[in-house]
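The block underneath contains the structure these notes are about, expressed in structure tokens.
The values are calculated or read from the model by the stated rules, or taken from the named source; none is laboratory data. Nothing here was measured: the structure is a model prediction, and the numbers come from that model. Here the Cβ is made from the backbone with ideal geometry for all residues, glycine too, and neighbour counts use every protein chain on show.
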Amino acid sequence: MNANHPLLFDEFDIKECATTDTLKRGKKAYQNHCIHDVSLSAQHLQGTYQRANVTKAVKIAKKNGRLTGTIDGVDTRPFSAPLTALAYWYINYVNENKMHMANEPNDNKSLEPFNDIQLTLVYTANQNKVNVTLFQPATDTYCNESHFFIHSFPQLIQHYDSGTQQLLVKLNERYDESFFFKSNGVKCDGYISSHLIQLASLKVLFNEKHQKIRMTTMPIHLKITCKIVSNQVLISFFWVSKDNQVSVHIHNALQCEKTHHVIINNQCFPIQNDMHSKIALQFKSQSFQRLDISKIKPFIQKIVELRKKVGLELAIDANIQQLSRVTIKPICVVDVSYSKTGGILTISYRYNSVSIATANTTPHIIFDDFTYSERDFNAEHELKDALLRFHPSSTDNNTIAYATPYFDHVLCAIKEKTIPNMRFSASSAKDIKLSTNTIRPVMEFKVNGMALKTNVQWVDANKTPVGNAIDQHVLQGVSHYFDAKTSNVNDWQGSAKTLSLFGGTKLVIVRNLHDAVPKDEAAESLIDYCSNPVAEACLVIIAYKIDKKRKVYKALTKLKGAVACEAPKEHKLISWLQDRAKNQGYTINRNVARELVYRVGSRPGVLAQELDKTLLYVGKTKEVSENDVQEVVGETRLENVFSLTDALKNKNSQKALQLLHNQLEHGEEPIKIMGTIAWQFRVIWEAKHYQRKNIPKGQIAKLMGANPFVVEKALQHTRAFSTQELKRAYKELTKADRILKSTSQDPVAVMQTLVLTLTCN
């Protein structure tokens, strides 16, 4: 047997060559001693596979960094069970002989020695994630090649004392060897962090700078600062030592909730007061907290009282006490960009000299003279609604896209100040491209036999026809536009029944039906009209949230000619984006289109807008790259509802409310959100029930008939809730469900109350 060989591979390499089922069968075959007469050389590994009356010659080699395999001289890909059995024989051989080979007089350079290997902790404090890997001080390098150690875990931990070995074994049992290779880290929950603190106390833990993390007896405490920053009152939390030599934001420290210690750089500090630990964990998810100015004085009073009880350090900006309220009305400021099909308006709101993006939810704005104004959200919505009346092709929180000629119309309205409190940005005001030419309609009358026919044509000052574009806009454009909140069914029907002056099909659009669903006589009237509509009119009703159980929805969708338009699935949007780009003279491959969909989500209107932005950015290149998408398009995909339930499990009320509002603002139904929360709590409760009976987690998933991943995640949260807390949670969920389904209470308020109740219990 040649010990000094370059043929190195591990289980990760095998997994690239075989299916999961084949790996299992091959491993079992090796354990049953089906591999015989093995020879190992620098070029290949070969042997005999024998099972019952079947005998096969098996061989594994490495070519261009990839494993190849043959059975009886025939290339076999993917690997079958005989080849994976041979591979497992090799892995076992390497594990058994590594330590022996490392101590031979002619030290094998292809297999690094395992003497003097250190555990290295790499943590990302602001993401609360941790990664453990191995480091060789002798070579000043990380052991980042899996075949150096992944299958030698038992030999590796022998270099540590028994206490350390026990901790490492527990980590290995919970996370397996892959824990040591996750470059992005794993969530540093209480289980991991408490063990890491113990490793630090045993003096075997290192940080990413190869510095030993050492325990210190110097206690640290929590400091709360309250300052005026960026026209808002912000509160921040810091870990501070008594001598002020240490001062680190809690967001940049690794906190252990079980042992009440904090790792900062290469030191592990005990927390002075356990209450400080609990407060920090509650606000750990965000780097700062925005305060409601109208409630600033009661808040300061509360934290002053809290300081007396638990010894917090406070630093409050003296100017906060001087804040006085004024009333300022917003002005809508639009920034203009052009596209081949029209253009895009990026909108913001200005209060005095302070500009606020529409996506910004801060309720108050502080000015330089320490006066503050409440945001007038109603006025902001009215300003945006005024722009939406010009029939945008797509819209999101900050931008509105229009096709020509609507884009020209809205620019003209803003420039002529026909929309109150609407202004161009300083940069856009210089570049507005409005034609100075005037056009007018000319009506011609012709007698054809006994009939009189009319024709309308648009001409310029020289009576020259200006083309069909405007003509088509008049004939086929939107005849009437309604908002369900400010109109009624009679308005819609009256518009649809009124004949168009220019003939052709009349288009009537009704938006926001979800905000004002017709009831009783109005609903019956709408259904009656839609049962026998005017042939020359097309009625389009838009609702962003649909209750399919409502009588109106069921009746309308059953009618002849009714078409329900829903957002397409994400996989269909990829080819749709490609076709849209092609029609504008650009190319975008599937991977780039997929990246765009991933960032935006399955919202065709927003996707179209973001694609237009990207095409403008690309310019003459004509081919969209992934880098172009990353530069132009932000990650607007919504956070999953499961993030909300995680925040509830962690009893983080502020994070939970933020995620709840995020879901609601993007059209998620309150009843659906609540159903997801209830399902999560039920899984936790059931998992906790089996856990108390000391049933192994692998069997728990089978007993529950649930996905093992879901059960594993639930088991991580069972300690966060007592049985009584879970019972109370279910009681509150049942109560909220009853209110949502049987009363007229505001669903948003119901969900907010539910979230606060679940996080405060």
> Hey, S146 hits all of (1) farther than 30 Å from K284 by Cβ; (2) modelled with pLDDT of 60 or more; (3) surrounded by 14 or more Cβ atoms within 10 Å (Cβ to Cβ) but one; which does it fall short on?
Replying inline: (2)
> With A581, A656, A647 as the choices, which residue is in contact with a Leu (Cβ under 8 Å, 6 or more places away or on another chain), aliphatic (A, V, I, L, M), modelled with pLDDT of 85 or more and surrounded by 20 or more Cβ atoms within 10 Å (Cβ to Cβ)?
Replying inline: A581
> So which residues in segment 1-23 are closer than 16 Å to N92 by Cβ and modelled with pLDDT of 85 or more, if there are any at all?
Replying inline: L23
> How about segment 201-230: which of its residues are touching a residue at least 60 places away in the same chain (Cβ under 8 Å) and crowded, with 18+ Cβ neighbours inside 10 Å?
Replying inline: V204, L205, F206, N207, I213, H221, L222, K223, I224, C226
>> Tally up the residues in segment 548-571 that are part of a loop (DSSP other than H, G, I, E, B) and more than 20 Å from N488 (Cβ to Cβ), please.
In response: 13
> Name the residues in segment 576-612 that are part of a helix (DSSP H, G or I) and touching a strand residue (DSSP E or B) at 6+ places or on another chain (Cβ under 7 Å), would you?
Replying inline: L577, Q578, A581, V592, G605, V606, A608, Q609, D612
>> Checking the conditions here, which among S287, S294 is at pLDDT below 80 and within 28 Å of the chain's Cα centre (by Cα)?
In response: S287
> For segment 150-214, list the helices (runs of 4 or more DSSP H) that sit wholly inside it and hold at least 2 residues that are more than 34 Å from the chain's Cα centre (by Cα) and modelled with pLDDT under 75; which are they?
Replying inline: 153-157, 162-175
> Yes or no: K297 in the same structural domain as N231 (by TED's automatic domain parsing), basic (K, R), loosely packed, with under 15 Cβ neighbours inside 10 Å and farther than 26 Å from Q658 by Cβ?
Replying inline: no
>> Between N244, N265, N273, which is within 24 Å of F206 (Cα to Cα) and either touching a His at 6+ places or on another chain (Cβ under 8 Å) or surrounded by fewer than 19 Cβ atoms within 10 Å (Cβ to Cβ) (or both)?
In response: N265
>> Need the failing condition index for Y402 against (1) free of Cβ contacts under 8 Å to residues at least 60 places away in the same chain; (2) not in a loop (DSSP other than H, G, I, E, B), just the number.
In response: (1)
> What tally of residues in segment 371-394 results from selecting those that are without any contact (Cβ under 8 Å) to a residue 60 or more places away in the chain and farther than 30 Å from G605 by Cβ?
Replying inline: 2
>> closer than 27 Å to P604 by Cβ, surrounded by 14 or more Cβ atoms within 10 Å (Cβ to Cβ) and at pLDDT 90 or above: which single residue out of S339, S348 fits that description?
In response: S348
> Taking V711, is it farther than 14 Å from Q680 by Cα and of a type outside the set (D, E)?
Replying inline: no
> Of (1) at pLDDT 85 or above; (2) part of a loop (DSSP other than H, G, I, E, B), L638 satisfies all except one. Which?
Replying inline: (1)
> So which helices (runs of 4 or more DSSP H) stay within segment 649-761 end to end and still have 1 or more residues that are touching a residue at least 24 places away in the same chain (Cβ under 8 Å), hydroxyl-bearing (S, T, Y) and under 28 Å from T361 (Cα atoms)?
Replying inline: 653-665, 670-692, 747-760
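Rundown of residues vs (1) at pLDDT 80 or above; (2) in contact with a Gly (Cβ under 8 Å, 6 or more places away or on another chain); (3) polar (S, T, N, Q), yes/no style:
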| position | (1), (2), (3) |
| --- | --- |
| L475 | no, yes, no |
| H480 | no, no, no |
| K485 | no, no, no |
| V489 | yes, no, no |
| Q493 | yes, no, yes |
| K497 | no, no, no |
| F502 | no, no, no |
| V508 | yes, no, no |
| E524 | yes, no, no |
> If you take the residues of segment 313-336 that are modelled with pLDDT of 85 or more and crowded, with 16+ Cβ neighbours inside 10 Å, which of them is nearest to F377 (Cα to Cα)?
Replying inline: P330
> From the residues in segment 622-635 that are touching a helix residue (DSSP H, G or I) at 6+ places or on another chain (Cβ under 8 Å) and not aliphatic (A, V, I, L, M), which one is modelled with the lowest pLDDT?
Replying inline: E635
